[in-house]
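Report on one structure; see the data block that follows.
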Amino acid sequence: MGNGGEQEPVIHDADYVEAFESFLEENHLSELERILLLEDESKHYSVHVDFAELLEAHPKLSHELYFQPGKVLPLFDAAALAVLQKLDKGNKVMKRVHVRLVVQGSALERPEVNPSIGRIRVKHLGKLVTLKGTIIRSGGVKILEGEREYECTKCKRSFKLFPELETGSGVELPRRCPSQRTKPCTGSTFRCIEDSKVSHDYQEIKMQENLQTLGVGSVPRSIVAILQDDLVDTVQAGDDVVATGELFSRWRRSCKDARCDIEIMLRVNYVRKANDLKAAVDVPDDVIHQFEQFWKEFERAPFKGRNAILQSICPQVYGLFTVKLAVALTLVGGVQRVDSSGTRIRGESHLLLVGDPGTGKSQFLKYAARLSHRSVVTTGLGSTSAGLTVTAVKDGGEWMLEAGALVLADGGLCCIDEFDSIREADRATIHEAMEQQTLSVAKAGLVTTLNTRTTVFGVTNPKGQYDPQQPLSVNTTLSGPLLSRFDIVLVLLDTKNPEWDTIVSSHILSEHMKQKSVNCVSNLTGFWTLAMLRRYILYVRDHIRPVLTAEAEKIIISYYQLQRRAGAQNAARTTIRMLESLIRLAQAHAKLMYRRQVTRADAIAAIVCVESSMTTSAILDDVGNALHSTFSEKPDAEYTELERKILVALGLNRQDPSNRGPVMQRCSSLVNQVDTEAGIIFPTQGHQGPQ
């Protein structure tokens, strides 16, 4: 019975290798043939195996893989190498091949076998798990000793030793010769064979739970993950990743004044970025059909349909039409473009709310964070430049970079409350992050560039009593370069209007008297719920790329020239960035209206938003205080009047969008780049959904 017990693992190992060889020959032969043709033998190559296919073909093999990945995965690598040798007609292949398990769409994605980082327990040790999180720290690439061959000085038999990560990657020599012979060897001295050492690239990263998956009051947990060979440097701080691997425990490094205990780590087999997937909010086809039906119903009154969406944003706050429109346009964003030189022009808009206490600024901030599929909320008083951007920390004698709020919000929304509380020296660090959308770091010998493709939503109080006669930079103590980076700056002033106070107090009391909240109507003509708003914003942001028409282009350029001529009071705002802001806001309004072209109406809406941002308006005199902006009962008629007033002020003939002057033709070259570089043909005019 004892002899049978000794031979059983050998038989099982051979069976696993043979079974997986047949699986690779049936499903991944072309991939292995391609690897065989590659000449570089020092590189590491990966074979991506779908776990769902393996589960269907070999259920027992998949069962053992889930419960004993540390034992089975090396056998899979050996099987891949054996198939390569068969393809090369028995020649010795020096290629380094690794099997990477792709669990997407398989049973391993179920929550029963796929715990979150904060719910990892002892029962998960030694098993194959898939963890989702955000990279907050990325260590340097080191060299890890993988195996070493020794020779017994007495019997001259050689054997291999494999360092274990669990014990600190050290190699412990056996007390006696492990050679299996009839007469045991009693040798106890061994010699290391030259050129027998095999090393691996090694990198430690730190993953943190996604903030959107946590409940209120929960602290995000983190785990250290280990990347080896071709997986190193595939992810960086700020990336959302999905990592599959084996959980194991290791003694924590001994540090001064710190308790030495065991920490759980993840030995990664396969990692993929989830930045481009944005699978947090799924938009099914039937919901897209509802969006199209909604706009068909409001085809004759599109602004009434737009206001129905805007009224569902932060419904507990009465009115504030301009603010809700600005929040919607900021979340939707414009169209990012890359010019011929590779320079990236941002498509994300930035929003700053300046207002007296009690005007609902923080309410909009929190609601916008809930509407965005990825958001980070912080306050200026408790944020430093390192906390907003990136910080260098020392771990085990080595310096590492740890991502801050702007890097963690890459691809989403970064909400900063009490924006004026950020120290002056710390504010300067976010200039590059807001405009170039990158972050250049040179700390503790670490020089790198990180992505910060994020929308910044800032909220601040004015410095003392707001003085309309003074520039915005004086009232907010924010510098001109920083203010020019915000596409929209709205001022909310409490003027103590008795009529407005009566309306708002009645609305607040009626909200408290309601028994139940308003439910979402199936045809979307009524109130939109938070979930439906998130889906709509995500869909139009990622799937609609509107292009400028000549009519909208002429209106935008004319307004920009008008502001430049009268820009003494708003010098911090009337820069070339205003023209880019007008383009982004017009594109965002076209997305919000569910169409693929930027029409005259979108240009007018962008002008209204920018007019509301100005200390002294050039055209509209009644939009200075966004607090008293309400929803019109006849929005389409109101738009017609606004359009007439703006076109008259710009000196444009409504029926004739042509007739450009030479100065306007030079200014329009910047606008034209948005469309000519993308090679997009203008679609037919009129309101229509995306085809």
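Points worth noting:
- Among 419, 343, 332 the positive-end extreme of the charge dipole of the stretch 325-435 (Cβ point charges): 332
- Sorting 345-357, 587-599, 48-60 by their mean Cβ neighbour count within 10 Å, with the most densely packed peptide first, gives 587-599, 345-357, 48-60.
- Averaged over residues, the count of other Cβ atoms within 10 Å places the peptides 403-410, 293-300 in the sequence 403-410, 293-300, highest first.
- Cα-based radius of gyration of the stretch 285-390 once divided by 2.2 N^0.38 Å, which approximates compact folds: 1.34
- Ranked packing of 69-80, 143-154, most packed first, by mean Cβ within 10 Å: 69-80, 143-154
- Pairwise centroid distance, computed over Cα atoms, of the stretch 67-138 with the stretch 28-60, Å: 12 Å
- Working from label points 7 Å from Cα in the Cα-to-Cβ sense, the residue 530 to residue 469 distance is 4.5 nm.
- Taking the convex hull of the alpha carbon positions in the stretch 336-487 and averaging its projected area over all directions gives 10.7 nm².
- Simple spin-label estimate for residue 494 and residue 421 in nanometres, 7 Å along Cα-Cβ: 1.8 nm
- Of 71/206; 43/89; 86/160; 496/554; 463/496; 304/366, those spanning more than 28 Å from alpha-carbon to alpha-carbon: 496/554
- The stretch 311-396 - charge dipole about Cα centre, Lys and Arg +1 at Cβ, Asp and Glu -1, debye rounded to 20: 140 debye
- With R₀ fixed at 41 Å, the C-beta to C-beta distance from residue 160 to residue 336 puts the FRET efficiency at about 0.20.
- Cα centroid separation - the stretch 401-456 against the stretch 327-379, whole Å: 14 Å
- In this structure the amide hydrogen of residue 494, modeled in the peptide plane, comes within under 5 Å of the amide hydrogens of 356, none closer than 5 places in sequence on its chain.
Read-outs: derived from the displayed coordinates by stated rules, not from any lab. As the structure is a computational prediction, the values presented were derived from the model and not from experiment. Note: ideal-geometry Cβ built from the backbone for every residue, glycine included; neighbour counts use all protein chains shown.
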